[in-house]
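Peer 1: Sharing a structure here in structure tokens format.
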Amino acid sequence: MAQRFYDTRSAEIREFVPLVPGQASVYYCGATVQGMPHVGHVRSAIVFDVLIRWLEASGLRVTSVRNVTDIDDKILDRSAASHEEGFEPSDLYPSREPWWALAYRFEKAFDAAYLALGVRRPTYEPRATGHITEMFALIGRLIERGHAYPALDGSGDVYFDVRSWERYGELTRQRVEDMQDAPDADPRGKRDPRDFALWKGAKEGEPATASWESPWGRGRPGWHLECSAMSTKYLGSSFDIHGGGLDLRFPHHENELAQSAAAGDGFARFWLHNGLVTYQGEKMSKSVGNTISPEQMLAMARPKAVRYFLGQAHYRSQLDYRPGALEEAEAAVERIEGFVARAAAVVDAPAPVGPLAEAVPAAFRAAMEDDLAVPQALAVLHETVRAGNTALAAQDHDAAAARLAEVRAMTAVLGFDDVPEPEASGSGPEALALDALVRAQIEARAQARADRDWATADRIRDALAAAGVVVADGADGATWRLAD
């Protein structure tokens with residue numbers, strides 16, 4: 001099967017053929033660093049991390065870009081609030097914090113969340129404030145082509161003229177007449193209330209450091225403009241994939257596409273959007289109190305289990321969090337780790353030769369090639385673990401080694417191997433050695449039971465229990481844990 005993805009723009013699954021043979025170019029929207037990361041941010045990062053890993057596993061050299069929006073209305077508002085009389089500081093929001101310091105601090109918080117969950121850094125991670133010159137050039141091209149204009153009220157704003165671009169609305173298949181007004185500024189400065197800002201004129205009371213001199217007056221860039229300028233700078237006027245959360249389709253991605261295409265760029269050939277995260281079927285809301293943060297998840301479960309949970313659904317599907325979900329993810333991860341530890345103690349798995357996509361089972365590859373169907377790929381992973389456990393029980397070392405090699409290839413593709421684990425979590429060399437010793441005893445017990453040597457089986461179980469090891473028998477084989 002050839003690689004296929006669902007393209008939001010055409011609303012169909014299409015075969016993916018890179019613009020440049022042997023290479024792939026991917027841009028996905030990163031954080032607006034106004035606060036701590038939420039689970040939607042992290043889920044999106046994991047989705048595109050898996051996408052990039054799979055493209056690389058398929059033999060492509062991938063250039064990836066994830067932006068940082070470090071200048072924005074909300075960033076300025078939160079900084080301004082910290083300077084107001086009566087502001088109550090906290091660890092999260094200290095008093096009198098400059099906007100750029102706030103943005104940098106939260107950028108580092110996003111970096112920490114990505115690192116904790118094994119999300120690799122992209123090839124380039126540009127900040128909006130470092131690309132003002134490129135934004136000037138893009139605005140100039142749009143004005144020259146008749147698709148942008150300075151505000152009619154002399155405020156210094158520059159707007160995109162949506163009526164001038166007949167394809168406006170193509171990404172979300174909307175008509176201009178049915179769209180809401182853009183919320184940028186006083187509509188008296190616009191030709192049409194749905195026109196959106198490319199450049200925002202400086203306002204009284206805003207810090208001077210938050211604006212730049214431009215041909216249209218001092219100001220700062222509009223949000224949509226930033227991504228168009230940065231993606232094409234690093235990937236060229238046309239590139240393979242643009243990604244982001246489903247909530248960004250409109251107006252952000254619609255406006256990106258319109259301004260880039262109107263300026264003459266081919267822009268993204270595929271648009272991929274990941275679904276949102278809900279809490280027991282409901283939209284997460286701080287006012288309702290049904291939110292959970294990545295930080296809370298990482299306090300409740302190991303990072304590998306959190307990554308498993310956030311990455312287990314199909315990327316286009318809604319991912320629903322409910323109490324107990326992380327425990328289920330932990331159990332799934334432990335089944336995989338248990339087999340790998342047991343197998344590695346008795347067999348040597350051959351290292352893959354060539355791209356990882358050639359080392360995974362055919363069913364796993366078919367699932368990933370079918371619009372990145374991770375749920376089906378995970379089913380293949382667990383099926384392979386079960387087959388490996390069966391081979392170990394039968395002392396079929398050749399089959400066990402083959403299954404171990406396949407499992408390792410699949411976990412590498414899914415990014416589990418790059419998730420750092422604190423030593424206290426039981427992932428250090430001492431813990432692995434203990435696991436191998438206990439597994440050897442469990443296998444001896446299993447053999448005794450198969451031989452109906454109940455006395456030996458009971459003696460092994462009692463010896464493990466005396467050492468504080470609790471053994472649980474299940475469909476996928478026996479598992480163990482230390483007694484509470």
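The values are calculated or read from the model by the stated rules, or taken from the named source; none is laboratory data. Computed from a prediction, not measured in an experiment: that's the story for all the values here. Please note: Cβ atoms are built from the backbone with ideal geometry, for glycine as well, and neighbour counts cover all protein chains shown.
Peer 1: Any idea which residue in segment 209-223 is farthest from LEU142 (Cα to Cα), counting only those that are at pLDDT 95 or above and part of a helix (DSSP H, G or I)?
Peer 2: Here the answer is THR209.
Peer 1: Examine segment 180-203 for a residue that is loosely packed, with under 14 Cβ neighbours inside 10 Å and assigned to a helix (DSSP H, G or I), and state whether such a residue exists.
Peer 2: Looking for residues that are loosely packed, with under 14 Cβ neighbours inside 10 Å and assigned to a helix (DSSP H, G or I), one finds at least one in segment 180-203, hence yes.
Peer 1: Now for a separate question. Can you name the residue in segment 157-179 that is of a type in the set (A, V, I, L, M, F, W, C) and assigned to a helix (DSSP H, G or I) and, of all such residues, is surrounded by the most Cβ atoms within 10 Å (Cβ to Cβ)?
Peer 2: VAL162
Peer 1: Go through the residues of segment 234-245 one by one and say whether even a single one is part of a helix (DSSP H, G or I) and touching a His at 6+ places or on another chain (Cβ under 7 Å).
Peer 2: no
For every residue, the table says whether it meets (1) free of Cβ contacts under 8 Å to residues at least 24 places away in the same chain; (2) more than 18 Å from GLY415 (Cα to Cα); (3) part of a loop (DSSP other than H, G, I, E, B); (4) touching a Lys or Arg at 6+ places or on another chain (Cβ under 6 Å).
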residue	(1), (2), (3), (4)
SER287	yes, yes, yes, no
LEU310	no, no, no, yes
GLU328	yes, yes, no, no
PHE339	no, no, no, no
ALA345	no, yes, no, no
ALA349	no, yes, yes, no
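Peer 1: Looking only at residues that are hydroxyl-bearing (Ser, Thr, Tyr) and over 30 Å from HIS242 (Cα atoms) in segment 64-110, which one is surrounded by the fewest Cβ atoms within 10 Å (Cβ to Cβ)?
Peer 2: Going through the qualifying residues, I end up with SER90.
Peer 1: Among the residues that make up segment 274-284, is at least one of them in contact with a strand residue (DSSP E or B) (Cβ under 9 Å, 6 or more places away or on another chain), within 30 Å of ARG167 (Cα to Cα) and buried (at least 22 other Cβ atoms within 10 Å of the Cβ)?
Peer 2: yes
Peer 1: Of all residues being under 21 Å from the mean Cα position of the chain (by Cα) and of a type in the set (Lys, Arg) in segment 1-54, which is surrounded by the fewest Cβ atoms within 10 Å (Cβ to Cβ)? Just the residue, please.
Peer 2: ARG4
Peer 1: Further question on the same structure: So which of ALA363, ALA343, ALA377 ends up being buried (at least 19 other Cβ atoms within 10 Å of the Cβ) and farther than 26 Å from PRO294 by Cβ?
Peer 2: ALA343
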